[in-house]
Amino acid sequence: MNRYAVAAIYKFEMARTKRTIFQSIISPVISTSLYFVVFGSAIGSRITEIDGVSYGAFIVPGLIMLSLLTQSISNASFGIYFPKFTGTIYELLSAPVSSFEVLLGYVGAAATKSIILALIILATAHFFVPLEIAHPFWMLFFLVMTAITFSLFGFIIGIWADNFEKLQVIPLIVITPLVFLGGTFYSVSMLPPFWQTVTQFNPVFYLISGFRWSFYEVADVSLVTSFFVMSGFLAFCLLAVTWIFKSGYQIKR
Amino acid sequence: MHPIIQITDVNKVYASGFKALDNINLAIKPAEVFALLGPNGAGKTTLISAICGIVNATSGQITVAGKDIVYDYRHTRRLIGLVPQELTTDAFETVWTTVSFSRGLFGKKPNPAFIEKTLRSLSLWDKKDSKMIELSGGMKRRVMIAKALSHEPAILFLDEPTAGVDVELRKDMWELVRQLRNDGVTIILTTHYIEEAEEIADRIGVIKNGQLILVEDKVALMNQLGKKQLILDLKDPLTDIPSDLADFNLQIQNEGMQLIYSYDTTKEHTGISALLQHLSAASIGFKDIKTDQSSLEDIFVSLVKEST
Ligand SMILES: Nc1ncnc2c1ncn2[C@@H]1O[C@H](COP(=O)(O)OP(=O)(O)OP(=O)(O)O)[C@@H](O)[C@H]1O
Ligand SMILES: [Mg+2]
């Protein structure tokens, strides 16, 4: 294990965040605050409670997940795509590092960043609504698992993408709709039966449900189901990344 | 002495179907400076990239310090520093972070003192906190060298180190290569400047259309440079060389209208006056007389033309 290399990549990526602090931290905080104002206050005045939780508090876990997912993906995909774009990838390719170590550095840094971000958003939310976390351990567990899984997913996108459009298209056309339709702003039981069925196929729905349970002990599906869907997606990403490394896809000529 | 790099039957066919390396065989000796010459698109960068692991060779084997570069990549890559042809850098990183990053990436414990020494030796110390984007092209190239040297490699690849570099920096570069060589570093460089190869290389390889068409000691090549030709334009065409001129190893050219005599300028007796005496004795008249000296450049150009 070339631990100095993993540390070097990790440090390098974390330093990049410091430099782009506004883009990485401030702007998601601002947009989340806007969600609170618009959805929490405007709609919250009409819908007072869902499953015994005030509407403002109800949407907090979903909003955190929204940022966690999109930031994990964009951090990791950008992190590995950028060297390909500038050409500095030559150094990674010629270094005595395994693909796994490269992955550890990039995914580790991306996940760390989005976890920090999620905690900042949680703190921000605290200003708007009273929060209680029933199961802090499970809350952190879901946070970390999600950050790692979607950073891995982002890493795959970054390796696959050969232009900026491709880099942005998946988060935009796949992830954002999945999060919005995954029960961030409502309980699935409020939907007509047809859409309830459709929602069953949305992996993000299980995430949000599990994450929300760790706050309020209310969930659309059981914790066990959430856990397995989560693990399944993580396993899928790991398999995909292994396959990519085995085939040398898109990195080496 | 075991070669530090051994390249055996290496071929590279790019995904486009283009054959960039055609059965390359080459052994690099420890602590030598090897200059790879060749026209644009000859395959110099491809060969270097194959050794460094940036492109996968389609077939053949490459070993570095006796270890296979694919199976033992951790071992072989630690030994290698690469300065690529293109100046690709992280625009917003500082000189210090980008050089320190390279050292870590190549598995070395952080060593600020060594990085400082490297930066100082490349006259980059006062630029250590500058962002890459703020540097001139020549400075960027020096940072690339600093990155390649940051992990104390035993082998250094310099892909066109002096392209677009001013005279002074070129001289500095040559000096650096000499110093590194004295410290026992093996250096493989590519260049389009013949005089650069003459100046710093121990051996010279010429690559053309993916084929290595010549590998020669520089000294041996330079000896050929000592050769000069005397060209005589004859009055009347000659079909055969008269037997009493046989000792001069003359060549007939231009449908018998030219006689060529090759001689060595470094010898005390060039044999020119003897030849002229023999010619008048044989009553071979000439209209004109000129001399021609082949330079490394000529050798290079004719080699590259020949193999087309
Ligand atoms: N990724 C690639 N895909 C297809 N062909 C390539 C690729 N990279 C290089 N080539 C081709 O391989 C040949 C050798 O290229 P290479 O870069 O090794 O040449 P070179 O000797 O370094 O040239 P130069 O002096 O211009 O740097 C060229 O014809 C080039 O077009
Ligand atoms: Mg080249």
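Annotations
- Taken over chain A, the ratio of Cα radius of gyration to 2.2 N^0.38 Å equals 1.04.
- Drop in accessible area of at least 50 Å² in the complex versus isolated chain, residues of segment B:42-61, 1.4 Å probe: B:Ile54
- Carbon plus sulfur fraction of accessible area for segment B:227-294, probe 1.4 Å, in percent: 45
- When the Cα gyration tensor is reduced to axis lengths a ≥ b ≥ c, the ratio a/c is 1.5 or higher for the protein assembly as shown, and with a/b above b/c it is classed as prolate.
- Rounded to the nearest 10 degrees, the inclination of helix B:167-182 to the longest alpha-carbon principal axis of chain B is 80 degrees.
- A 1.4 Å probe run over the protein chains yields, for chain A, 45 Å² of accessible area per residue, whole-number rounding.
- C-alpha center-to-center spacing [segment A:1-45, segment B:1-43] in angstrom: 46
- Between the helical axis of B:272-281 and the longest alpha-carbon principal axis of chain B there is an angle of about 30 degrees.
- At most 14 other Cβ within 10 Å, DSSP loop - chymotrypsin sites (Phe, Trp or Tyr not before Pro), segment A:104-209: A:Phe201
- Accessible surface, 1.4 Å probe, highest first, among residues B:His278, B:His2: B:His2, B:His278
- In the A-B interface, the accessible area buried, summed over both sides, Å² (probe 1.4 Å): 2600
- Accessible-area value, B:Thr291, 1.4 Å probe, nucleic acids and ligands omitted, Å²: 80
- Nearest-ten-degree value, helix B:296-306 long axis tilted from longest Cα axis of chain B: 80
- 31 Å Cα-Cα threshold exceeded, pairs from B:Lys12/B:Lys117; A:Lys18/B:Lys67; A:Lys84/B:Lys67; B:Lys267/B:Lys287; B:Lys44/B:Lys171: B:Lys12/B:Lys117; A:Lys18/B:Lys67
- The residues A:Glu132, B:Glu268, B:Glu199, sorted by heavy-atom accessible surface at 1.4 Å with ligands and nucleic acids left out, run B:Glu268, A:Glu132, B:Glu199 from largest to smallest.
- Residue order for B:Thr270, A:Thr88 - accessible surface, 1.4 angstrom probe, largest first: B:Thr270, A:Thr88
- Mean accessible surface per residue for segment B:5-223, computed with a 1.4 Å probe while every protein chain stays in place, in Å²: 41
- Per-residue SASA remark: B:Asp292, around 80 Å² accessible (1.4 Å probe; ligands, DNA and RNA not included).
- Carbon and sulfur %, accessible surface of segment A:3-247 computed with the full protein complex present, 1.4 Å: 72
- D_trans [Stokes-Einstein, Kirkwood Rh over alpha-carbon pairs] for segment B:5-223, 10 °C, 1.306 mPa s, µm² s⁻¹: 89
- Once exposed loop trypsin sites (Lys or Arg not before Pro) are cut out (DSSP; at most 12 other Cβ, 10 Å), longest piece of chain B: B:1-234
- Each part gets one Cα centre, and for segment A:46-105 versus segment A:107-148 those centres are 13 Å apart.
The values are calculated or read from the model by the stated rules, or taken from the named source; none is laboratory data. Bear in mind that the values here come from a model prediction, so they are computed numbers and not experimental data. Note: ideal-geometry Cβ built from the backbone for every residue, glycine included; neighbour counts use all protein chains shown. Surface accessibility is based on the protein's heavy atoms, side chains included, excluding ligands, DNA and RNA. Shrake-Rupley method; radii C 1.70, N 1.55, O 1.52, S 1.80 Å.
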